[in-house]
Structures are given as C-alpha cells and as structure tokens.
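Here is the structure we will look at, set down as structure tokens.
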Amino acid sequence: MTANTEERSYEEMVEALDEGLQALEDTLSSLPQEDWHRPTLLRPVNPDAAPWDVLTLAAHFDVFAGLTLGLVGEPQDVEPGLDRVGFSIAASERNEVAPALYQYMIDHAKGHTPSTMLDTVRDTFKKVLDAIRTTPPDTVGPAFFAPMRLDEFVATRVAETVVHGLDLTDALGRPPLAMPKGTPIAAEVLEGVLARVAEPGRPADLVGDDLAFIRAASGRGDHSDPRLPVVG
C-alpha cells in the first residue's frame, strides 16, 4: 500500500499537481478544433440535459484549479472547517451541488473558443502553481464550502486533476493520462472518503490498482461493490 497523503510532504503534493495540470494542458493544446466539441461521458443530474463537451470540461479545469487562488488570496485567522476528505464528501452531494455546477460551467464556457479557453486554462494553471509554491502550506482560507488549510486543499486539487483527466481522455477515446505522482494521492483521498461514509477498505479486486479504484470510486466505471461510487 502507498503512504497516506497526510504523510506526504507538501512538495510531493505540489509536484503531483504540477504533473497533472501539465498533462491536462498538453492534451488540450494538442486537440484539433473538432475534438473540443466531443461530448464527455459525464451524466447530468437532469437526464434531459446534454453532457458537457470538452470545451465545457476545460472550463471546469479552469474553475477547479482557480479556486486555489481564492484561498491563498484571502488568508483567514480561523480554524479549518474541512479536511481533504470532508471537502470531497461535500462536493459529491450530487442533487445539491451538481445542478448548479453543471450550469455554472456552461456559463463559464460561453463566448470561449478552443483557443481562448486554452489560453485561460494555461494562465490559471501557471498562477495557481506559482501561488502554492510561495504560500505556506498551513495557510487557511476560503475553499468554497468552508475554510481549509492550503495543503489539504492542494490534495483535493490533485484528486480532481486525476479524476477529470479520466473525463477528458474518455471523451477523446484515449488511454488515461500518465500521472504517476498524482494517481496514488487521488486514490488515497477516495479511500478516505470510502472509510468515512461507508466502511474502510477497497474491494479485493481493486487492491493494488489505483486507477481502477479511482474509476469505481468516482463513478467513472461500474463495480459490484454497493459502497461504490463514493463521489461523482
């Protein structure tokens, strides 16, 4: 088994986020125009709504990374309200969070072309990585649902990067992006969610296969274990 994310250094988590964001950016920068309009496999809460396309998914990349800038830009002298697992649980409230998130990303993508969205994502990713490298990891600031420590929030950004990387490559019909630093961290965050909302421990057939566990735990793949998915 890999080490728990709480035992990882902040530098390791920052490197994992850098790896993942770069993989997303490189993939988007390589896409022909028509691929930006491919539908994702994500299922909206409203069955009559169209799924996001790749352009809208890229808008989500911009938003989920950019939330970090709000945290570091507004440090607060308060106790954290959530850790990485608690944030992931709050974000997975599908009936409450998903409809607003679905529409927000569509609105965020409006008016963008593939070129302008790529420029926006690239700029946001750079600002985020610069910010977290120059901000103490114990900084507490707003993190959408409640105040969080920066290091805890960075762990959630790594998990989002890995999970939404699957959404990107699934939409494109490509193999998953190589994120060897981030994939174990994402799996550990999801294991933490599983332990908190159900019972701890991966299904036996997913032990030792981080990516398969991430797919099952995030609803990006079917599994017979009734505890899964835990987010998505």
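Could you check region 187-232 and list, in sequence order, the residues that are surrounded by fewer than 17 Cβ atoms within 10 Å (Cβ to Cβ), within 17 Å of T156 (Cβ to Cβ) and either at pLDDT below 95 or touching a Lys or Arg at 6+ places or on another chain (Cβ under 9 Å) (or both)?
V197
Within region 172-186, take every residue that is crowded, with 24+ Cβ neighbours inside 10 Å and small (G, A, S) and give me the one that is farthest from L228 (Cα to Cα).
Once the filter is applied, the top-ranked residue is G182.
Starting from region 208-229, take each residue that is of a type in the set (S, T, N, Q) and list its partners that are buried (at least 16 other Cβ atoms within 10 Å of the Cβ) and in a loop (DSSP other than H, G, I, E, B), counting only C-beta distances under 7 angstrom and pairs at least six apart or across chains.
Listed pairs, sorted by first residue: S218/P229; S218/V231; S218/G232.
From the set of residues in region 177-208 that are acidic (D, E) and over 19 Å from the mean Cα position of the chain (by Cα), which is farthest from E19 (Cα to Cα)?
That would be E199.
Select from region 11-40 the residues that are in contact with a Leu (Cβ under 7 Å, 6 or more places away or on another chain) and among the β-branched types (V, I, T) and write down the one among them that is farthest from D138 (Cα to Cα).
The qualifying residue farthest from D138 (Cα to Cα) is T40.
Exactly one of these conditions fails for P75: (1) within 14 Å of the chain's Cα centre (by Cα); (2) more than 30 Å from L172 (Cα to Cα); (3) of a type outside the set (A, V, I, L, M). Give me its number.
(1)
Answer yes or no as to whether R149 is over 28 Å from T27 (Cβ atoms), under 19 Å from the mean Cα position of the chain (by Cα), in contact (Cβ under 8 Å) with a residue 60 or more places away in the chain and crowded, with 18+ Cβ neighbours inside 10 Å.
It is true that R149 is over 28 Å from T27 (Cβ atoms), under 19 Å from the mean Cα position of the chain (by Cα), in contact (Cβ under 8 Å) with a residue 60 or more places away in the chain and crowded, with 18+ Cβ neighbours inside 10 Å.
The values are calculated or read from the model by the stated rules, or taken from the named source; none is laboratory data. Predicted model, so just to flag it, every value in this text is computed and none were measured. Cβ: placed from backbone, ideal geometry, glycine included. Neighbour counts: every protein chain shown.
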